[in-house]
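Below is one structure, written out as structure tokens; comments come after it.
The values are calculated or read from the model by the stated rules, or taken from the named source; none is laboratory data. Predicted model, so just to flag it, every value in this text is computed and none were measured. So basically every Cβ, Gly included, is an ideal-geometry build from the backbone, and we count neighbours across all protein chains shown. The accessibility values were calculated without ligands, DNA or RNA, using every heavy atom of the protein model including side chains. Shrake-Rupley method; radii C 1.70, N 1.55, O 1.52, S 1.80 Å.
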Amino acid sequence: MPTSYVEDFTKITPARLNQLDVKSVIIDLDNTLVGYDEMNANDRVLEWVRLMKENGIKVTIVSNGKKKRVRQFAKPHDIDYIFNARKPLSKNYKKAISSTGVSKNETVMVGDQLLTDIFGANLIGIKSILVVPVKNRDGYATLLNRRIERFIMRYFRKKGLLVKED
């Protein structure tokens, strides 16, 4: 279960993060910030990252994507990143938390996948925010996860455990 569920990353505001006592955001890249097939940060992403930084909230992209893809996206905009993260394994979540100097209690993971992003956050005991995927299509590596997630999401909704916030 995620801590929270929202339509997209732009709904995650500094005010909302302050309510959660969050000072650092670990965020997925593909289908969370942009579509898996979009190579560059768009204005929505850049504005959101700027807003976070202006409010003293650290942002680190943690992606299972390859080095070239993640670096090309993050480096030109001075966004910290970790590639080939192997989520949901905890090593790179811990690395991201350590690099910010913020405690895990003040960190949140934002992502579009229950079985990687949210499950990994739960494994190390940090807050998590599930977002609706940016695109309905995914890379091949994600297709099996999405099928499993549909069953889990249906169960969560049926039990009233997962309600999208405004």
Subset of the range 90-126 that is hydroxyl-bearing (Ser, Thr, Tyr), within 23 Å of Gly56 (Cα to Cα) and over 12 Å from the mean Cα position of the chain (by Cα) - its residue that is least open to solvent (accessible area, probe 1.4 Å): Thr100
Spans of helices (runs of 4 or more DSSP H) in the range 34-109 with at least 3 residues out of contact with any Cys (no Cβ under 9 Å at 6 or more places or on another chain) and polar (S, T, N, Q): 91-100
Qualifying residue in the range 69-77 (condition: among the aliphatic types (A, V, I, L, M) and open to solvent by less than 10 Å² (accessible area, probe 1.4 Å)): yes
Enumeration of residues in the range 13-33 that are of a type in the set (D, E, K, R), under 16 Å from the mean Cα position of the chain (by Cα) and part of a loop (DSSP other than H, G, I, E, B): Lys23, Asp28
Verdict on Asp37 being surrounded by fewer than 24 Cβ atoms within 10 Å (Cβ to Cβ), touching a Gly at 6+ places or on another chain (Cβ under 9 Å) and within 18 Å of Phe9 (Cα to Cα): yes
Residue satisfying all of: in the range 127-150; at pLDDT 80 or above and charged (D, E, K, R); most open to solvent (accessible area, probe 1.4 Å) among these: Arg150
Pairs where the first residue, in the range 138-153, is under 15 Å from Gly111 (Cβ atoms) and the second is assigned to a loop (DSSP other than H, G, I, E, B) and modelled with pLDDT under 70, C-beta under 8 Å, 6+ apart: Arg146/Asp138
Some residue of the range 48-61 being without any contact (Cβ under 8 Å) to a residue 40 or more places away in the chain, under 25 Å from Glu165 (Cβ atoms), open to solvent by 10 Å² or more (accessible area, probe 1.4 Å) and in contact with a Pro (Cβ under 7 Å, 6 or more places away or on another chain): yes
Lys87 within 15 Å of Leu29 (Cβ to Cβ) and buried (at least 23 other Cβ atoms within 10 Å of the Cβ): yes
